[in-house]
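Chemist: Here you go, one structure.
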Amino acid sequence: MLGNMMFQPLLISSMIEHAGRYHADGLIISRNTDLSMVETTWAKVRDNAKRFANVLQSFGLQTSDRVATIAWNNHRHLESWYAISGSGLICHTINPRLFPEQLVFIVNDAADRVLIFDKTFLPLVKAVKPLLKTVEKFICLDAADSAVSEAMPDVLFYEDLIAAQTPDFEWPELDELSASSLCYTSGTTGNPKGVLYSHRSTTLHSYAICMPDSLNISARDVMMPVVPMFHVNAWGTPYAAAMVGCTVVLPGPGLDGASLVNLIDTYKVSVALGVPTIWQGLIGAAQQSGSKLESLTRNVVGGSACPPAMLRVFKEQFNCETLHAWGMTETSPLGTSNQYKAKHMHLSEEEKLKIRLSQGRPPFGVSLRITDEENGTNEIERDGHTSGNLQIKGHWIVESYFGKEQSALTSDGWFDTGDIATLNDDGYLSISDRSKDLIKSGGEWISSVELENLAMGHPKIAMAAVIAAEHEKWDERPILIAIKKPEADLTDTEILDYYADKVAKWQIPDKVIFVDAIPLSGTGKMLKKDLREQFGKVLLS
Ligand code: AMP
């Protein structure tokens, strides 16, 4: 017997309709590509999304055709998202910092028919245009601009296009399982692979991230996603924001610490989200300007492990609770987030901090397990100590990659994340490393993340990466690549001595190399593969 309740498909269009109706005057504050600020509302975003849906329909696109975006986090990008997915097309967000060859690969692989871009990326789009086999229309996310038209005569302008349309558009009643958006994985090895989200997976993920034990987002928040909209859909926050109707601050191209401090203080941001390298810049700028980031009650750190020192600084200097979250492109991304349970509330600050450092526990909707072999099915103990291969399943986890027939799952239906981790009885996850970044020294594993976190706690180090270097006797040994803080006087002996009472002797790096810069991926992660290529042989004679 079926239940007697109404059925309504879970659709992205219903989120923007909800925000436009019940939070009509809720603010969206956005930084333009020329760095000027603009304020709009959820009602205006909805209306423009409908205008742009009319534009897309006038192009004769078919359901599930792909529309690509190469853009910052800004209000027009947000409008275009709702227009694309809401009208049954697939929103393919592209990371502009990809190598041009990779960008060409993914546009052709996705067979994008329309490409929307911010003016900043004109030189990039112009350079790759002749190689994009399927794109018929190029739209600049701006008002008409002669410099852009001169460079690309066939370009269309977003503001002109929507000005010619009305906000009368009936969102189609799609199957909730239909595809809504497409993101390619960072692709540090091989070609990037596409993850195709559905309306259902996106909606359920949005509910999950709003929950108090997840990111705890409500209508009373002023949320600033610093994480780019091309990095797993800004971790789903533009959808969650519409679902709860919070104020949104979109930082556009201004991702440096000083610009972010300014946005937080001016617009009273209560929750901001980003990768550790972003927070590193923010802390430095706030310390320099003397800002206390008073409105910021919490910040969400994900994408890479949160260094313990950073968590302390946020708490002690800015009274800001840092939520550590873990996820990946294949998991929409939220797999875990770190919030206490009732039994933790009486613990000392030091003990609470220890809990805060783990990646947190899964919300309802996803399950985790650790196995003793990559892609294996043999689960190991949840004792908080034994590490193994982290696997996940749930409503918003990938099943197969875009355009690929074969399943991406283990024989019993779990997705192997490629991360090495422990789980405890309460479900708290601690990531030790990416399996490919672990260091195997004389048959023993060494976690690069643990050594990096310690180095980041050193007052004279600004950024640190630990990688495996080839070694004649031990196969691999850890070496530390570090950037010193400005004007810091630091020797390699000093940093190696610093490790002495913190890790076992055999885990201390064999060498310290000071550099001026560490290569970062488009999503702000340290490119350890590049570092291994550059420094991986320094210990060989
Ligand atoms: P991406 O798909 O580019 O977002 O990368 C996902 C990968 O980033 C994960 O598999 C992890 O290796 C890493 N990652 C994400 N969040 C965290 C975190 N909080 N701590 C450690 N690693 C993380």
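Chemist: Can you tell me which residues in segment 317-353 are of a type in the set (Val, Ile, Thr) and touching a Ser or Thr at 6+ places or on another chain (Cβ under 9 Å)?
Modeler: Those that are of a type in the set (Val, Ile, Thr) and touching a Ser or Thr at 6+ places or on another chain (Cβ under 9 Å): Thr329, Thr331, Thr336.
Chemist: Then there is this: Would you check if Thr336 is open to solvent by less than 10 Å² (accessible area, probe 1.4 Å), within 16 Å of the ligand (Cβ to nearest atom), of a type in the set (Ser, Thr, Tyr) and within 18 Å of Asp383 (Cα to Cα)?
Modeler: Answer is yes for this residue.
Chemist: One residue is enough: does segment 91-98 have a residue meeting the conditions assigned to a helix (DSSP H, G or I) and not aromatic (Phe, Trp, Tyr)?
Modeler: no
Chemist: Taking the residues in segment 419-472 that are free of Cβ contacts under 8 Å to residues at least 60 places away in the same chain and among the β-branched types (Val, Ile, Thr) as candidates, determine which candidate is nearest to Ile283 (Cα to Cα).
Modeler: Ile461
Chemist: Something else about it: Examine segment 379-391 for a residue that is within 15 Å of the ligand (Cβ to nearest atom), without any contact (Cβ under 8 Å) to a residue 60 or more places away in the chain, outside any strand (DSSP E or B) and touching a strand residue (DSSP E or B) at 6+ places or on another chain (Cβ under 8 Å), and state whether such a residue exists.
Modeler: For segment 379-391, residues within 15 Å of the ligand (Cβ to nearest atom), without any contact (Cβ under 8 Å) to a residue 60 or more places away in the chain, outside any strand (DSSP E or B) and touching a strand residue (DSSP E or B) at 6+ places or on another chain (Cβ under 8 Å): present.
Chemist: Still on this structure, I have one more. Output the number of the condition that Leu215 fails; it satisfies all remaining conditions of (1) in a loop (DSSP other than H, G, I, E, B); (2) open to solvent by 10 Å² or more (accessible area, probe 1.4 Å); (3) within 23 Å of Tyr22 (Cα to Cα).
Modeler: Only one criterion is unmet by Leu215, namely (2).
Chemist: Same structure again: So, in segment 252-289, how many residues would count as being of a type in the set (Ser, Thr, Tyr) and open to solvent by less than 10 Å² (accessible area, probe 1.4 Å)?
Modeler: Total satisfying the criteria: 0.
Chemist: What number goes with the only condition from (1) more than 16 Å from the ligand (Cβ to nearest atom); (2) open to solvent by 20 Å² or more (accessible area, probe 1.4 Å); (3) in the same structural domain as Asp412 (by TED's automatic domain parsing) that Gly365 does not pass?
Modeler: Evaluating Gly365 over (1) more than 16 Å from the ligand (Cβ to nearest atom); (2) open to solvent by 20 Å² or more (accessible area, probe 1.4 Å); (3) in the same structural domain as Asp412 (by TED's automatic domain parsing) leaves (2) as the failure.
Chemist: Shifting gears a bit: Could you tell me which residue of segment 309-328 is farthest from the ligand (Cβ to nearest atom), considering only residues that are within 23 Å of Pro363 (Cα to Cα) and in contact with a Gly (Cβ under 9 Å, 6 or more places away or on another chain)?
Modeler: Here is the first cut: in segment 309-328, the ones within 23 Å of Pro363 (Cα to Cα) are 311, 320-328.
With the extra rule that they be in contact with a Gly (Cβ under 9 Å, 6 or more places away or on another chain), the set shrinks to 323-328.
Numbers: Leu323: 10, His324: 6, Ala325: 6, Trp326: 4, Gly327: 6, Met328: 3 Å.
Among those that are within 23 Å of Pro363 (Cα to Cα) and in contact with a Gly (Cβ under 9 Å, 6 or more places away or on another chain), it is Leu323.
Chemist: Inspect segment 460-469 for any residue being of a type outside the set (A, V, I, L, M, F, W, C), surrounded by fewer than 18 Cβ atoms within 10 Å (Cβ to Cβ) and out of contact with any Lys or Arg (no Cβ under 6 Å at 6 or more places or on another chain) and give the result as yes or no.
Modeler: Checked against the condition, which is being of a type outside the set (A, V, I, L, M, F, W, C), surrounded by fewer than 18 Cβ atoms within 10 Å (Cβ to Cβ) and out of contact with any Lys or Arg (no Cβ under 6 Å at 6 or more places or on another chain), segment 460-469 yields no hits at all.
Chemist: Restricting the search to segment 420-456, which residues are in contact with an Asp or Glu (Cβ under 7 Å, 6 or more places away or on another chain), hydroxyl-bearing (Ser, Thr, Tyr) and at pLDDT 90 or above?
Modeler: Within segment 420-456, Ser448 is the sole residue that qualifies.
Chemist: Restricting to segment 339-362, count the residues that are in a loop (DSSP other than H, G, I, E, B) and within 15 Å of the ligand (Cβ to nearest atom).
Modeler: Residues in segment 339-362 being in a loop (DSSP other than H, G, I, E, B) and within 15 Å of the ligand (Cβ to nearest atom): 4 in total.
Chemist: Is at least one residue of segment 97-111 over 20 Å from Ser332 (Cα atoms), touching a residue at least 60 places away in the same chain (Cβ under 8 Å) and among the small types (Gly, Ala, Ser)?
Modeler: No, that holds for no residue.
Chemist: Follow-up question, since we're still on this one. Name, by its number, the condition in (1) within 15 Å of Glu330 (Cα to Cα); (2) open to solvent by 20 Å² or more (accessible area, probe 1.4 Å); (3) in a loop (DSSP other than H, G, I, E, B) that does not hold for Glu374.
Modeler: Evaluating Glu374 over (1) within 15 Å of Glu330 (Cα to Cα); (2) open to solvent by 20 Å² or more (accessible area, probe 1.4 Å); (3) in a loop (DSSP other than H, G, I, E, B) leaves (1) as the failure.
Chemist: A follow-up question, please. Kindly indicate the residue of segment 433-447 that is within 9 Å of the ligand (Cβ to nearest atom) and in a strand (DSSP E or B) and also most open to solvent (accessible area, probe 1.4 Å) among those meeting that condition.
Modeler: Taking the candidates together, the pick is Arg434.
Chemist: Residues that are on the phi > 0 side of the Ramachandran plot: which strands (runs of 3 or more DSSP E) entirely in segment 454-541 hold 1 or more of them?
Modeler: Output list reads 475-484.
Chemist: When the residues of segment 294-308 are filtered to those that are surrounded by 23 or more Cβ atoms within 10 Å (Cβ to Cβ) and without any contact (Cβ under 8 Å) to a residue 40 or more places away in the chain, which remaining residue is nearest to the ligand (Cβ to nearest atom)?
Modeler: Selected residue: Val301.
Chemist: Criterion first (in contact (Cβ under 8 Å) with a residue 40 or more places away in the chain and either more than 16 Å from Leu334 (Cβ to Cβ) or open to solvent by 10 Å² or more (accessible area, probe 1.4 Å) (or both)) does Glu150 satisfy it?
Modeler: Considered against the rule, which asks whether it is in contact (Cβ under 8 Å) with a residue 40 or more places away in the chain and either more than 16 Å from Leu334 (Cβ to Cβ) or open to solvent by 10 Å² or more (accessible area, probe 1.4 Å) (or both), Glu150 comes out as no.
Chemist: Which one of the conditions (1) within 13 Å of the ligand (Cβ to nearest atom); (2) modelled with pLDDT of 95 or more does Trp396 fail to meet, given that it meets all the rest?
Modeler: (1)
Chemist: Further, regarding this structure: Being over 19 Å from the mean Cα position of the chain (by Cα) and touching a residue at least 24 places away in the same chain (Cβ under 8 Å) is the filter; apply it to segment 396-414 and report the residue that is surrounded by the most Cβ atoms within 10 Å (Cβ to Cβ).
Modeler: Of all residues in segment 396-414, those over 19 Å from the mean Cα position of the chain (by Cα) come to 399-400, 402-414.
Cutting the leftovers down to touching a residue at least 24 places away in the same chain (Cβ under 8 Å) gives us 402-404, 408, 410-412, 414.
Numbers: Phe402: 20, Gly403: 11, Lys404: 10, Ala408: 15, Thr410: 18, Ser411: 9, Asp412: 9, Trp414: 23.
That would be Trp414.
Chemist: Scan segment 128-138 residue by residue and report those that are assigned to a helix (DSSP H, G or I) and open to solvent by 70 Å² or more (accessible area, probe 1.4 Å). Full working, then the answer.
Modeler: Step one: filter segment 128-138 for residues assigned to a helix (DSSP H, G or I), giving 128-131.
Matches in segment 128-138: Pro130, Leu131.
Chemist: Any residue at all in segment 448-466 that's among the charged types (D, E, K, R) and within 16 Å of the ligand (Cβ to nearest atom)?
Modeler: Taking segment 448-466 as the starting set, the residues that turn out to be among the charged types (D, E, K, R) are 450, 452, 460.
Subset that is within 16 Å of the ligand (Cβ to nearest atom): 450, 452.
Yes - at least one qualifying residue is present in segment 448-466.
The values are calculated or read from the model by the stated rules, or taken from the named source; none is laboratory data. Every value quoted in this text rests on a predicted model; they were computed, and no experiment measured them. Reconstructed Cβ throughout: ideal geometry from the backbone, glycine too, with neighbour counts over all protein chains shown. Accessible surface areas use protein heavy atoms only, side chains included; no ligands, DNA or RNA. Shrake-Rupley method; radii C 1.70, N 1.55, O 1.52, S 1.80 Å.
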